[in-house]
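So the structure is just underneath, and the comments pick up after that.
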Amino acid sequence: ILYLLLNLFYSFYLRELFLIDAICIATGFILRILSSFCLLNMPINFLIIGWMFFTSLLVTFIKRKLELKTIKKGFQEFRSCLNPVKTKKINIIIFINAILSVGFFIFVMKDYASWIKCFILGGCYIMIVWRFLSLSNKNYDFDDPINFIKRDLILKSVLFVSLLFLTSLIKISSYKNS
């Protein structure tokens, strides 16, 4: 019910307010994660919630930054919540969310992996965030950060290595538990 109410308010009013717009999107992701914890009967991990919240904000603000760029080039209609926003302001918000996202990720990993594994996964995550940030500063004719993954070989490679390493950790830990 809360998710439905959030989406209704977002669709009709909250999407017009700059910071509230992004917070609503991130909150929607958090509500889905919380429902997953409840459905799986798992204890809620607030570090994972924080990590996902700031990662969602990071991707949302990168998307808004790309929208601002495409608007300036005349490729897209103007999103009203971006009217008073300057690229410098979004860059500061993106930087803060990147730091918080990486920090929460490292704290999440330290509970689930040894320090060396945490270091490897943290390094991969930092590389992914850094690549997203650097690509968001280039001039593209699209406004969706997912296109970075589709078009950038370095980002694809780091994501692949990260997922491969994470999968191997899950497999190794499942063998140890059985």
Legend entry - By accessible area with a 1.4 Å probe, ligands and nucleic acids excluded, highest first: order of Leu40, Leu47: Leu40, Leu47
Inset, instruction - Apply the Karplus parameterisation 6.51 cos²θ - 1.76 cosθ + 1.60, with θ equal to phi minus 60°, to every residue of the range 133-146 and state each ³J(HN,Hα) to the nearest whole Hz, in sequence, with x for glycine and proline. - result: 5, 5, 5, 5, 8, 8, 8, 10, 9, 10, 10, 10, x, 4
Legend entry - Rounded to 10°, Cα long-axis angle of helix 87-112 versus longest principal axis of the chain: 10 degrees
Legend entry - Full-extension gain in nm, Phe9 to Ser157, via 0.36 nm per residue minus C-alpha separation: 49.4 nm
Inset, instruction - Report the calculated FRET efficiency for Leu164 and Ile96 (r = Cβ-Cβ distance, R0 = 35 Å), to the nearest 0.05. - result: 0.70
Inset, instruction - Kindly flag which residue pairs out of Lys65/Lys110; Lys69/Lys89; Lys65/Lys117; Lys86/Lys150 have an alpha-carbon separation exceeding 25 Å in this structure. - result: Lys65/Lys110; Lys65/Lys117; Lys86/Lys150
Legend entry - Angle in degrees between helix 18-39 and the longest Cα principal axis of the chain, rounded to the nearest 10: 30 degrees
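The values are calculated or read from the model by the stated rules, or taken from the named source; none is laboratory data. It should be emphasised that the depicted structure is a prediction, and the values quoted were computed from it without experimental measurement. When we count neighbours, we look across all protein chains shown, and the Cβ atoms used for this are built from the backbone with ideal geometry, even at glycine. Only protein heavy atoms, including side chains, enter the accessible area calculation; ligands, DNA and RNA are left aside. Shrake-Rupley method; radii C 1.70, N 1.55, O 1.52, S 1.80 Å.
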